Amino acid sequence: MNALSTAASGRLRGELARFVLVGITSVVIDFAVYRGLLALAIAVHPAKTAGYIAGAVFGYFANRSFTFRVGAQWRQRELLSFIAVYLIALGANVVVNSLVLAVLGRGEIALVSAFVAATGVSAAMNFVGLKLFVFGANAAVQATTAAPARADGAARLSLSLVIPCYNEAANLPLLVARLRETFLDDRAEVVLVDNGSTDDSPAVLARLLAGQERIRSVRVEVNQGYGYGILTGLRAARGDVLGWTHADMQTDPQDALRGLVLYDQAADPARVFVKGRRYGRPAADVAFTVGMSVFETVLMSRRMWDINAQPTLFPRAFFERWREPPHDFALDLYAYYQALRDGLRVQRFAVRFGERAHGSSHWNVNWQAKLRFIKRTVDFSLRLRQGLQERA
């Protein structure tokens, strides 16, 4: 099994497990309403329909946020797809329930048996429908569908997404497959930066990118830091909007296309800075992020939150004004702060932050590594603050 199918299988198992937990709770709600209405002498079919709807309403919200972890706002298409899937499953639920009761009668065992059979059939239909037609399909449509033409008649902007890759040979097949699957907008290109890798990354990239037009790579011969690799990619980029994200698949590169839509909708795209806002992270990492955010907010006298979230997107003209940006992980802080200092409008949107597909982080390994990261970031923050005071 290759890397892509392994990761997909893992995601499917996780979704199934969460769906079962949500389903159990939905069934309890469904059954309680159903039997309660029967006790009030309501007919079987109306009682079954009411119970099913009560469980379905809970299931919708729980599956959206917990099972499939959809971070985007509601879309009309998603709601319509949900209604269609649940109506079809509801029909199957009522039909199966009626057939079992017709065969077994109306005794207590028959009622339970009919309920279990009907629920099992509808649950299977719901999972497939939600995954393929509601949450999964609509997330891709939202991210890849072209945005409406700008009201002012201006041309829609192009995107160059830079992804630094350092010893990510095992992740590259999964990453490139995801890019080929989602980067369908002809305005978007991806620049994969082989950031001085010492593994098989050069050969893997050459094989995976053969014949590709909108996915290309540049090579840094000797690794000089995370930020240096990104800066190399930004200088090679061609788009009107530039940005970066990670190669480890903890954040979906497709998120950058969602960010590009914000530029299509902006009255003045040259004054917009877009950044993700992570959810789904371990509690320890969230605590670390909160501490760093509070420190930077106080030090820089500007509200700065979840500084290292991805993707990070900005206009080309903004990048061309940078002076002596850092070559390490402080580049995220530098770009974010400069955007606030220049008066750009910062727009955030929710992005799911998951597990690495392969390997381990190059810095977030343990608390010792976090402390080293904190020291480097604090040192850079103090130098940045001092420079601002000297220019004031």
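The values are calculated or read from the model by the stated rules, or taken from the named source; none is laboratory data. Just so you know, these numbers come straight off a predicted model, no measurement behind them. Cβ sites come from the backbone with ideal geometry, for glycine too, and all protein chains shown count toward neighbours. Each accessible area value is taken on the protein alone, full model and side chains, heavy atoms only, with ligands, DNA and RNA left out. Shrake-Rupley method; radii C 1.70, N 1.55, O 1.52, S 1.80 Å.
Table for the structure above
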item: Pairs with Cβ under 8 Å, 6+ apart, first in segment 154-182 and on the phi > 0 side of the Ramachandran plot, second part of a helix (DSSP H, G or I); result: Asn167/Ser201
item: Residue match in segment 305-313 (condition: at pLDDT below 90, on the phi > 0 side of the Ramachandran plot, in a loop (DSSP other than H, G, I, E, B) and not hydrophobic (A, V, I, L, M, F, W, C)); result: no
item: Of all residues in segment 210-265 being part of a loop (DSSP other than H, G, I, E, B) and among the polar types (S, T, N, Q), the one that is most open to solvent (accessible area, probe 1.4 Å); result: Gln224
item: Pairs where the first residue, in segment 12-33, is within 11 Å of Thr67 (Cβ to Cβ) and the second is outside any helix (DSSP H, G or I), C-beta under 7 Å, 6+ apart; result: Glu15/Phe68
item: Test: residue in segment 319-333 that is touching a residue at least 24 places away in the same chain (Cβ under 8 Å), out of contact with any strand residue (DSSP E or B) (no Cβ under 7 Å at 6 or more places or on another chain) and among the small types (Gly, Ala, Ser); result: yes
item: Looking only at segment 266-300, and only at residues there that are assigned to a loop (DSSP other than H, G, I, E, B) and modelled with pLDDT under 85, the one that is farthest from Ser158 (Cα to Cα); result: Pro282
item: Test: Asp248 is over 16 Å from Phe183 (Cβ atoms), under 21 Å from the mean Cα position of the chain (by Cα) and in contact (Cβ under 8 Å) with a residue 40 or more places away in the chain; result: yes
item: Number of positions in segment 39-72 that are touching a residue at least 40 places away in the same chain (Cβ under 8 Å), open to solvent by 30 Å² or more (accessible area, probe 1.4 Å) and more than 30 Å from Gly259 (Cα to Cα); result: 2
item: Single residue of segment 186-204 satisfying the filter (touching a Ser or Thr at 6+ places or on another chain (Cβ under 6 Å) and either farther than 18 Å from Ala236 by Cβ or open to solvent by 10 Å² or more (accessible area, probe 1.4 Å) (or both)) that is modelled with the highest pLDDT; result: Glu189
item: All positions within segment 122-136 that are within 18 Å of Ile29 (Cβ to Cβ) and among the hydrophobic types (A, V, I, L, M, F, W, C); result: Ala123, Phe127, Leu130
item: Of all residues making up segment 215-251, the number that are of a type in the set (Asp, Glu), modelled with pLDDT of 90 or more and in contact with a Gly (Cβ under 9 Å, 6 or more places away or on another chain); result: 1
item: Val128 being surrounded by 19 or more Cβ atoms within 10 Å (Cβ to Cβ) and under 25 Å from Leu21 (Cβ atoms); result: no
item: In segment 314-335, the residues that are farther than 14 Å from Tyr226 by Cα and over 26 Å from the mean Cα position of the chain (by Cα); result: Ala317, Glu320, Arg321, Trp322, Arg323, Glu324
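Quick grid of which residues meet (1) modelled with pLDDT of 75 or more; (2) surrounded by fewer than 16 Cβ atoms within 10 Å (Cβ to Cβ); (3) closer than 30 Å to Tyr226 by Cα:
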{"position": "Gln76", "(1), (2), (3)": "no, yes, no"}
{"position": "Ala102", "(1), (2), (3)": "yes, yes, no"}
{"position": "Val134", "(1), (2), (3)": "yes, no, no"}
{"position": "Thr144", "(1), (2), (3)": "no, no, yes"}
{"position": "Ala149", "(1), (2), (3)": "no, yes, no"}
{"position": "Gly153", "(1), (2), (3)": "no, yes, no"}
{"position": "Leu161", "(1), (2), (3)": "yes, no, yes"}
{"position": "Asn167", "(1), (2), (3)": "yes, no, yes"}
